[in-house]
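A short write-up of the structure that comes next.
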Amino acid sequence: MPLHQLICIWIVSYIFVMLLVIHANPCEFLEVWGNLSIQVHGGGISMLLEIQDALYQIPGGKLRLVASWIKILVIFLPLQITPLPGAWPQKPGSATFPFFGVLPVIVDEKGTEIEGECSGYLCVKNSWPGAFRTLYGDHERYETTYFNPFPGYYFSGDGCSRDKDGYHWLTGRVDDVINVSGHRIGTAEVESALVSHPKCAEAAVVGVEHEVKGQGIYAFATLVEGVPYSEELRKELILAVRKQPPYVFALNWKVVGTPANGLCEANIGAFAAPDKIHWAPGLPKTRSGKIMRRILRKIASRQLGELGDTSTLADPSVVDELIALSDC
């Protein structure tokens, strides 16, 4: 493997390990690293909201996380929506405002632009600095993937919410959205709710077929080290999802709002409660840290003969462990 690829894998793996350490014991992290003099921590990897909030609690405001939305696959300059440290206040979890020359819009399912506070599909209006004009050898795929879904716009494939202050909150890939009884639920919302429980270190959610609801929610949960599996804990995790406020307002009560001022009254809802909690000692990830949801969907739907190639996983043995725990 080329040296530059090894360096990239090491950096990404290091970041993910650090994030898990912070989430597993944020108090100890703050105690040990609370005197950091770092002013800004930049990154473009999707991060649990609770981890971001923990970073913001470091005393003295010495560590700040820059959460950016980037499209590294189709542009030369990947920054699209990003904070400019010192230019405006940040909110944990928000990519804030668009970069110079980028005109993002949020559209509904019909491709109509939505103004003000809203949720929908994130698109880009007009061209922007550094945009690729084609995919080498496959221009038709370039048009079909990025421009056909909403004619006149570049479709990012991501969902997005915009709050009353104009801040953008990326809710994940729209193909990760689960349709439960007509309610469209982002996997990030449910995963964030699960890891809000102090005994859950990591979670991944996929949709499975359901006879009544169309799709059901199947959650893989990795517990904090030393915590035993139990039916009581399984019920607690499901309850954590039922009581979790919506994605945008679940980020940081001090920054976004509090139940007292009426901004956080609604919960995700009972329809978002997982139908199944699958204990997971680990999750199938590539060497760069990406969760292979394709494999999780096959395990959830018991299509074990269709797992496909698992050689690209950082630890292929995780798949066997998940299969063994399917009925637990």
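Please treat every number below as a calculation from the coordinates, not as lab data. Small disclaimer: the values here were computed from a predicted structure and weren't measured. Neighbour counts run over all protein chains shown; Cβ positions are idealised from the backbone, glycine included.
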ask   = Where does each of 87-97, 183-193 land if you order them by average Cβ count within 10 Å, highest first?
value = 183-193, 87-97
key: Under Karplus coefficients 6.51, -1.76 and 1.60, residue-wise ³J(HN,Hα) of segment 290-301 in Hz, glycine/proline x   = 7, 6, 8, 5, 4, 5, 5, 5, 5, 5, 5, 8
key: Counted charge near V180, where neighbours are those whose Cβ lies closer than 10 Å (Asp, Glu -1; Lys, Arg +1)   = +1
